[in-house]
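Okay, so here's the structure we're looking at.
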Amino acid sequence: MSPAGYAALVWRRFRKRRQGRAGLAVLIVLLLIVLLRPVLASPLPVVCKYDGQWHFPGLVEVVRSVPLVSQVVGPSRPFGLPSFDARAAAEKSTFAIKALIPYDPLAYSDAVLEPPSRAHWLGTDDVGRDVAARLIHGAGISLGVGFGAMGVAAVVGLLLGAWAGYARGWTDAVICRVIEAMMCFPAFFLILSVMVWVDEPGIGHVIIVIGVTGWTPIARLTRGEILRLRDSEFAVASRALGATPRRVVFRHLLPNALAPAVVTITFGIAHVVLLEAGLSWLGFGAPPPSPSWGNMLRSAYDHMLTAPHLVYPPCIAIFVTVLTYNWIGDALRDAVDPRTGIAHA
């Protein structure tokens, strides 16, 4: 069966799993929240008529949130200027559609540790920042770290695993010893030991460190699949026709060995979300005042007795996100496993 045909079969099996469909629906909602942050939680109006002209600052920021687009599309003037009071301008506009939560997640205010209300749906933190706005913008950090770190881990793991499985011999032995050495250390403490040496911890450093320390399970699975497929009929035929080793691996073997790795990557994203929250809690993740869920938990812990409403939003957000990826991973694992009882198409 071709990789495309196998992918279609896995998708049909995946759709039969209720928890897989539920997890995919929640993930789509989370991705939409991340994409629409400027119109969900921002002082910028979505649309307004200011000084006789129509402006679309919120929609412009949605477009700019797409990777690389911000390098081409500039902020909406004058609303995108740092010194411009966008919220006050929206109030004075003859027509304005405001964001659902018209607060900047980084803006301080005098409303300190307020409980949930109509003005602040989830209350405010110890410096008056809106918790709901920070929760929405924190989703972008958590999902970005999850996808980014596992993207790095996937590239390293797939390449090294495929190289080890196809080359065998001393190459395989060296890569396997490196994998075993890295797996001897608990992942969280290994990441902490690396982050200690970073001068200025930040999101980029978190992604790189988690990625370069989390590739070993992907490499082990990929190596095993490549070893299993290396002497299959289609691989032997490809070599007989004169295909180079690189073409055999990337054109024939690796596409057929991706399924177990994709399952591992899905579970890995859930693990990374927890890792990022733990690192931010300890001060090695997203630097304050970034609206990271881990930073929010750290602040909530410090005010647990006086403002218990701060604890629940980040805890629930982390729980739902991790559960979503675990549901998707469970459904994918059952879909790619031929021993499951799911009906084959």
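Points to keep in mind about this one:
- Summing Lys and Arg as +1 and Asp and Glu as -1 over all other residues whose Cβ lies under 10 Å from the Cβ of Tyr166 gives a net charge of +3.
- Vicinal HN-Hα couplings computed from phi for the range 173-181 (Karplus, 6.51 cos²θ - 1.76 cosθ + 1.60; Hz; Gly/Pro x): 5, 5, 5, 5, 5, 5, 4, 5, 5
- Positive end of the dipole of the range 93-135 (Cβ unit charges, origin at the Cα centre): among Ala107, Gly123, Ala96, the Cα lying farthest that way belongs to Ala96.
- Exposure proxy ranking, count of Cβ atoms within 10 Å, fewest first, for Trp163, Trp215, Trp121, Trp11: Trp11, Trp121, Trp163, Trp215
- Over the chain, dividing the summed -39,500 (n - 2.57) contributions of all DSSP H runs of at least 4 residues by the number of residues returns a 222 nm mean residue ellipticity of -19000 deg cm²/dmol.
- Note on Lys49: lysines with a C-alpha under 16 Å away, same-chain residues under 8 apart excluded, are Lys92, Lys98.
- Here's how it looks for Tyr50: its modeled amide H is under 5 Å from those of His55, which are all 5 or more places away or on a different chain.
- Separation of alpha-carbon centers, the range 169-185 and the range 130-154, rounded to whole Å: 31 Å
- Ordered by the count of other Cβ atoms within 10 Å of each Cβ, fewest first, Arg18, Arg247 give Arg18, Arg247.
- Shown for Val73, Val196: other C-beta atoms within 10 Å of each C-beta, ranked fewest to most, produce the order Val196, Val73.
- Cβ-placed point charges (K, R +1; D, E -1), dipole of the range 43-98 about Cα centre in debye, nearest 20: 40 debye
- With a cut-off of 15 Å between beta carbons, the residues surrounding Leu59 carry a summed charge of +4, where Lys and Arg count +1 and Asp and Glu -1.
- Relative contact order (%) - criterion: Cα under 8 Å, at least six apart; region: the range 230-323: 19 percent
- Counting charges near Pro38 (Lys, Arg +1; Asp, Glu -1) among other residues having Cβ under 14 Å from its Cβ returns a value of +2.
- Within the chain, percent of DSSP bridges classed antiparallel, to nearest 5: 90 percent
- Between the Cα long axis of helix 3-15 and the first principal axis of the chain there is an angle of about 50°, rounded to the nearest 10.
- Between amide H atoms placed 1.01 Å from N, distances below 5 Å from Asp104 occur with no residue 5 or more places distant or on a separate chain.
- Between Gly165, Gly204, Gly268, the residue with the greatest mean-square fluctuation in the GNM of the chain (Cα pairs under 10 Å linked by springs) is Gly204.
Bear in mind these aren't lab numbers, they're just calculated from the coordinates by the rules spelled out. Owing to the predicted nature of the structure, the values given are computational and were not obtained by experimental measurement. Every residue, glycine among them, receives a Cβ derived from its backbone with ideal geometry; neighbour counts consider all protein chains shown.
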